[in-house]
Amino acid sequence: MTYKKTLGASALAALLASTTMVAAQDCAEPIKVGVLHSLSGSMAISETTLKDAMLMLIEQQNAAGGLLGCEIEAVVVDPASDWPLFAEKARELLTVSEVDVIFGNWTSVSRKSVLPVIEELNGLLFYPVQYEGEESSLNVFYTGAAPNQQAIPATDYFLEELGVEKFALLGTDYVYPRTTNNILEAYLIDNGIAEEDIFVNYTPFGHSDWATIVADVVALGEDGKQVGVISTINGDANIGFYKELAAAGVSADDIPVVAFSVGEEELSGLDTSNLVGHLAAWNYFQSAEGEANAEFIEAWKAFAGEERVTNDPMEAHYIGFNMWVNAVEAAGTTDVDAVRDAMYGQEFPNLTGGTAVMLPNHHLAKPVLIGEIQADGQFDIISQTAEVPGDAWTDFLPESAVLKSDWQTLGCGMYNIETESCVQLTSNY
């Protein structure tokens, strides 16, 4: 076992007493961080920025002395928006490159592809994007939003603030939109929305012909009821969707859209003049005021270019990476089991104010923000909550309402509170 993998008490004390330069020279090899994001294909529009964010965070940590006195090395791979390739690249990172941790994925289908690999090899993945929930892996820390931290609050805003009476649930055809919309359909019906007033449509990744779908959405409001769109459209398909809305003359006053996968990065490639007033729900926006966010934005622009913007999944990587660094330092090792134990209860400041906390279910407590698109491609934050604990299993599907995740004390991510038993230890793939 190399020096970096495990540090005894005496070795750690000696390390702390030495200078960073001398300690780094003593390292047998660098600490390796796998970066598993699509740099080509339909998801490159969103994921390339996350790769760049990880490189910045690693550079900053190295400038501060590295980790356990060792240099951190980024091992970057490109799964190319190819879901089976994500699994292959994850295995390559863990077995060939021997990385100590992986930060990566965007879509849930790519994460589901990776799950059996990291569970088999006892790897550790930090997943930074909002997702559908209904999962809790021993080997994943979910630093993006669960449905109760994004989808449900956004729907409440439509119901309570905008008076939406008919809902168009538009998504890309894969597990995240389908599961999220199953949850939202149940939630809407519970809140008095009739089934016939909920329109659901799925399109492939990269879909570009939106004329018919937008026309169908417009037709929903022919009876005078207020229509709202909840969008789980992912990747570059968003470009065509918003262009078609503008071409059809649909404004936010006519039919508001709240998106769960559109942030500053996606808007940077669009003419936003016709999108003013449409919404997005995240846990972070670049426009958030505060010293920590101002410093983060300044560092990002210095690293990546003045024209580059920040977004929510970047903040999730920022929080997750710093929590991992602190957990490694607390454990004195990069060993996955030791780091996992040290992750529970980790706290780190949000860029929007307040503090993110890692829960026993491997999810964070984070605030929920709703932003309104501005002409400059930024968001005016119109709603912000206190920190909301992420829920791995939704309360709005009967089969999930009885499940609880608690890896710290129960040692189970799928614990049935009625039978008081662990259903299973591996994830649903």
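Would you mind estimating how fast region 235-310 diffuses translationally, via Stokes-Einstein at 4 °C and 1.567 mPa s with the Kirkwood radius over Cα pairs, in µm²/s? Please report the intermediate quantities before stating the final value.
Numbers: Rh = 13.8 Å.
Approximately 94 µm²/s, per Stokes-Einstein.
Calculate the radius of gyration of the Cα atoms of region 336-413 to one decimal place, then report Dmax, the largest Cα-Cα distance, as a whole number, both in Å.
16.0, 49
Between helix 211-220 and the chain, what is the angle of the helix's C-alpha long axis to the longest principal axis, kept within 0 to 90° and rounded to the nearest 10?
Between helix and principal axis, roughly 60 degrees.
Diagonalise the Cα gyration tensor of region 377-427 and give the resulting equivalent ellipsoid semi-axes, square root of 5 times each eigenvalue, largest first, whole Å. Before the final figure, lay out the partial values.
Values: eigenvalues 192, 32, 21 Å².
Taking √(5λ) for each eigenvalue gives 31, 13, 10 Å, largest first.
Can you give the FRET efficiency to the nearest 0.05 for Glu306 and Ala28, using r as the Cβ-Cβ distance and R₀ = 41 Å? Walk me through the numbers before you get to the answer.
Working: r = 40 Å, r/R0 = 0.97.
With a Förster radius of 41 Å, E is 0.55.
Once you have the Kirkwood Rh of region 273-429 from its Cα pairs, apply Stokes-Einstein at 10 °C and 1.306 mPa s and quote D in µm²/s. Each step should come with its number before you reach the end.
Working: Rh = 17.7 Å.
In µm²/s, the coefficient rounds to 89.
Take the Cα atoms of region 120-196, find their three principal axes, and give me the spread along each one in whole Å, biggest first.
For region 120-196, the Cα spread along each principal axis is 48, 23, 20 Å.
May I ask for the Kirkwood hydrodynamic radius of region 313-363, worked out over all distinct Cα pairs and given in angstroms to one decimal? Please list the in-between numbers first.
Values: mean 1/r = 0.0905 Å⁻¹.
After inverting the pairwise mean of 1/r, the radius is 11.1 Å.
Run down the aspartates and glutamates and flag those whose C-alpha is under 17 Å from the C-alpha of Lys243, throwing out any fewer than 8 positions away in its chain.
Within reach: Asp209, Asp216, Asp253, Asp254, Glu264, Glu265, Glu266, Asp271, Asp376.
Here are some pairs, Lys112/Lys404; Lys32/Lys404; Lys51/Lys404; Lys301/Lys366; Lys366/Lys404; Lys112/Lys301; which of them have Cα atoms lying more than 28 Å apart in this structure? Please report the intermediate quantities before stating the final value.
Working: Lys112/Lys404 20 Å; Lys32/Lys404 33 Å; Lys51/Lys404 32 Å; Lys301/Lys366 25 Å; Lys366/Lys404 19 Å; Lys112/Lys301 33 Å.
In this structure, Lys32/Lys404; Lys51/Lys404; Lys112/Lys301 exceed 28 Å between Cα atoms.
Just round it to a whole percent: the fraction of Cα-Cα distances in the chain exceeding 41 Å.
Details: 13525 of 91806 pairs.
Above the 41 Å cut-off, the chain has 15 percent of its Cα pairs.
Compute the angle between helix 151-160 and the longest alpha-carbon principal axis of the chain, please, reported from 0 to 90 degrees and rounded to the nearest 10.
It works out to around 30 degrees.
Expressed as a whole percentage, what fraction of the accessible surface of the chain belongs to carbon and sulfur atoms when a 1.4 Å probe is rolled over the protein heavy atoms?
On the way: 7770 of 15790 Å².
Result for the chain: 49 percent of the exposed heavy-atom area is carbon or sulfur.
Roughly what angle does helix 175-190 make with the longest principal axis of the chain, taking Cα atoms, 0 to 90 degrees, to the nearest 10?
With rounding to tens, the tilt is 50 degrees.
Quick one: in region 205-357, what % of C-alpha pairs are over 27 Å apart? Intermediate results must be reported in sequence, preceding the final value.
Details: 4844 of 11628 pairs.
When every Cα pair of region 205-357 is considered, 42 percent fall beyond 27 Å.
Would you mind putting 135-147, 79-91 in packing order, based on average other-beta-carbon counts within 10 Å, highest first?
On the way: 135-147: 25.6, 79-91: 20.3.
Highest-to-lowest ranking by the protection proxy: 135-147, 79-91.
In percent, what relative contact order does region 39-105 have, based on Cα pairs under 8 Å that are 6 or more apart in sequence?
Values: 41 pairs, mean separation 24.6, N = 67.
Reported relative contact order: 37 percent.
Give me the distance between the Cα centres of region 69-105 and region 110-189, rounded to whole Å.
Taking the Cα centre of region 110-189 as reference, the centre of region 69-105 is 23 Å away.
Would you mind putting 98-105, 370-377 in packing order, based on average other-beta-carbon counts within 10 Å, highest first?
Numbers: 98-105: 25.6, 370-377: 19.1.
Result, highest mean Cβ count within 10 Å first: 98-105, 370-377.
Quick one: compute the contact order of region 299-429, relative version, from alpha carbon pairs under 8 angstrom and 6+ residues apart, as a percent.
Details: 178 pairs, mean separation 16.9, N = 131.
Reported relative contact order: 13 percent.
Over all Cα pairs of region 16-172, how is the pair count split among 5 Å bins, expressed in % and running from 0 up to the last occupied bin?
Final binned percentages: 2, 9, 15, 17, 16, 13, 10, 7, 5, 3, 2, 1, 0, 0.
Given a cut-off of under 8 Å on Cα pairs at least six residues apart, what relative contact order in percent is computed for the chain?
Working: 891 pairs, mean separation 72.0, N = 429.
About 17 percent, as a whole number.
What residue among Ala87, Tyr174, Ser108 has its Cα farthest toward the positive end of the dipole of region 79-203, where the charges are +1 on Lys, Arg and -1 on Asp, Glu, each on the Cβ?
Towards the positive end, the residue furthest out is Ala87.
Return the tail of the calculated pair distribution for region 350-393, meaning the percent of Cα-Cα pairs more than 11 Å apart. Write out the running numbers ahead of the final one.
Details: 639 of 946 pairs.
For region 350-393, the fraction of Cα-Cα distances above 11 Å is 68 percent.
So for the chain: antiparallel DSSP bridges make up what percent, rounded to the nearest 5?
Numbers: 23 of 56 bridges.
Approximately 40 percent, going by the DSSP bridge assignments.
For the residue pair Ala186 and Ser40, what label-to-label distance in nm results when each label sits 7 Å from Cα along the Cα-to-beta-carbon direction?
Taking the simple label geometry, Ala186 and Ser40 are separated by 4.1 nm.
The values are calculated or read from the model by the stated rules, or taken from the named source; none is laboratory data. These figures come from a predicted structure and were not determined experimentally. Counting neighbours? That spans all protein chains shown, and the Cβs are built from the backbone with ideal geometry, glycine included. What goes into the accessible areas is simple: the full protein's heavy atoms, side chains included, and nothing from ligands, DNA or RNA. Shrake-Rupley method; radii C 1.70, N 1.55, O 1.52, S 1.80 Å.
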